[in-house]
Amino acid sequence: MTETISRLLAGGAADAAAIRGTNERPWLTYGALRDLCGRTVKRLNGLGIGRGDRVAIVLPNGPEMAAAFLAIGAGAVTAPLNPAYRAEEFTFYLTDLRAKALVVLHGMATDAREVAARLSIPVLDLVPGEAAGDFTLEGGTHGNAAKPGLAWPEDEALVLHTSGTTARPKIVPLTQANICASARNIGRTLELAPDDACLNIMPLFHIHGLMAAVLASVAAGGAVVCTQGFDALRFFRWLDEERPTWFTAVPTMHQAILGRAERNADVIARARLRFLRSSSASLPGPVMQQMERVFGAPLVESYGMTEASHQMCSNPLEGPRKPGSVGLPAGPEVAVMDDDGRLLPQGEIGEVVIRGPNVTAGYEANPEANAKAYTQGWFRTGDQGAFDADGFLTLTGRLKELINRGGEKVSPLEVDGVLSGHPAVAQALTFAIPHAKLGEEVGAAVVLRDGMACTERDLRDFAAQHLADFKVPRKVVFLAEIPKGATGKLMRIGLADKLGLSL
């Protein structure tokens, strides 16, 4: 039977914790969460909001955001937005989404309120209850929903925008069936069970946290511990106090955690982590190996994107995990295709393509983008990669991020992996630098480990031991911190401009 959010939640034990906070408030049980979903859908219906109507959500990270995603999504369409946006950005997104209402935290100052008022979009104040995640919605005016009641599998559940680099962000509509299929895929991959608890440090306006941390956890009848967002200084306190069995993060977060691991060895020794998970960007092999060694638990690297409701491939929890590989297909069908639409055999490099029940049917109102994105029913991810003899997928980079050095194609991910293997390097990001004759040259931004020293020549010599000469960075820039986007991804495209570099 194709599922919906409300059907997913039906399996959790009534008195078991579903949503937890990082404070002394009582947990929100599955019984209370199911009641909250019913009350919220009824409340929205009474305001004229029902299935197919989009509700923008601007809330800080925490249990209320997780609960609002589930409860509003049970009978309407959720559209989470980054609370850090400014008025101009809220104007674009609320208009583009055609939002029927905006949900904000009661008493929270945000430009979204004024923008919604200007656009005549009703503002609903979310008032937290006694238990973590419990809430009521205040405001709005009476109306009759055109499609009341709980959502159907084919109804939209979640709408997000792609994080476009230069082009206008595209709207990605995901159905109830899409996101529930993804939650089940993640649960199977990680062998999630009711006694699991995920420590969520990911932003909940992004597909990674919403699917892997929240929806996969509740689909398995387990708990999600909702923090206020990633904080390397507080992470180990949360780990000690909340006793999670796993957490999922982007590579930059794992590297920051690793940087503070030595001084928190006692906390790590007491932890009950069953595994760690990484997704949303490629994790350098040396970082994966160090994390496994330090935490004494497997680190499962996965490959996901918004258009696939997150997970596409994953290294297995049991059995071989390959550093530098994003693993085996873990949900949808995954293949590699050439420019002409021909599926390529094992070992050949091409564009990664996917199809399956978790994959969006297409971008909204964008026939040009859909014509480029779909070939013979396969969705083109924009990533380049190849399968090895064991069926593991290795990505060689985003097609838009490959460095074209006078006709020689350089994979930034390959160079990242080599530089990350240097003992003095904490983080490395390889990027294209404009070059007058070659078109592009290879550059790298590097953050050194605390107390360690290294020169540009040292790193170039180290890279030359592992890479062909044309792949060795011609320019290495040492930074205190590499620029990151809102979800913690390192900003590879446009970094040369940000740093004022050309060769």
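The values are calculated or read from the model by the stated rules, or taken from the named source; none is laboratory data. None of these values were measured; they are calculated from a predicted model. Reconstructed Cβ throughout: ideal geometry from the backbone, glycine too, with neighbour counts over all protein chains shown.
Here is how the numbers come out for the structure above:
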quantity: Residue match in the range 82-95 (condition: surrounded by fewer than 23 Cβ atoms within 10 Å (Cβ to Cβ), over 23 Å from the mean Cα position of the chain (by Cα), at pLDDT below 95 and closer than 19 Å to GLY229 by Cα); calculated: no
quantity: Verdict on THR396 being within 17 Å of GLY285 (Cα to Cα), assigned to a strand (DSSP E or B) and without any contact (Cβ under 8 Å) to a residue 60 or more places away in the chain; calculated: yes
quantity: Among (1) assigned to a loop (DSSP other than H, G, I, E, B); (2) small (Gly, Ala, Ser); (3) surrounded by fewer than 19 Cβ atoms within 10 Å (Cβ to Cβ), the one test that GLY331 misses; calculated: (3)
quantity: Matching residues, the range 121-153, being over 19 Å from ARG54 (Cβ atoms) and assigned to a loop (DSSP other than H, G, I, E, B); calculated: GLY129, GLU130, ALA131, ALA132, GLY133, ASP134, HIS142
quantity: Which numbered condition LEU283 fails, given (1) at pLDDT below 95; (2) in a loop (DSSP other than H, G, I, E, B); (3) under 29 Å from LEU70 (Cα atoms); calculated: (3)
quantity: Residues satisfying the stated conditions in the range 165-210, i.e. closer than 26 Å to LEU399 by Cβ and among the charged types (D, E, K, R); calculated: ARG168, LYS170
quantity: Set ARG188, ARG237: member being touching a helix residue (DSSP H, G or I) at 6+ places or on another chain (Cβ under 9 Å) and either surrounded by fewer than 22 Cβ atoms within 10 Å (Cβ to Cβ) or without any contact (Cβ under 8 Å) to a residue 40 or more places away in the chain (or both); calculated: ARG237
quantity: Those residues of the range 201-248 which are within 19 Å of GLU301 (Cα to Cα) and among the polar types (S, T, N, Q), in sequence order; calculated: SER217, THR245, THR248
quantity: Qualifying positions in the range 265-291 - touching a Pro at 6+ places or on another chain (Cβ under 9 Å) and within 20 Å of ARG237 (Cα to Cα); calculated: ALA271, ARG272, LEU273, ARG274, PHE275, LEU276
quantity: Lone unmet requirement of (1) under 25 Å from the mean Cα position of the chain (by Cα); (2) under 15 Å from LEU402 (Cβ atoms) for ALA480; calculated: (2)
quantity: Which listed residue, of ARG43, ARG25, is surrounded by fewer than 24 Cβ atoms within 10 Å (Cβ to Cβ), modelled with pLDDT under 95 and of a type outside the set (Val, Ile, Thr); calculated: ARG25
quantity: Qualifying positions in the range 359-388 - under 13 Å from ASP339 (Cα atoms), among the polar types (S, T, N, Q) and without any contact (Cβ under 8 Å) to a residue 60 or more places away in the chain; calculated: THR375, GLN376, GLN384
quantity: The range 292-322, subset surrounded by 21 or more Cβ atoms within 10 Å (Cβ to Cβ) and among the aliphatic types (A, V, I, L, M), residue farthest from ALA424 (Cα to Cα); calculated: ALA308
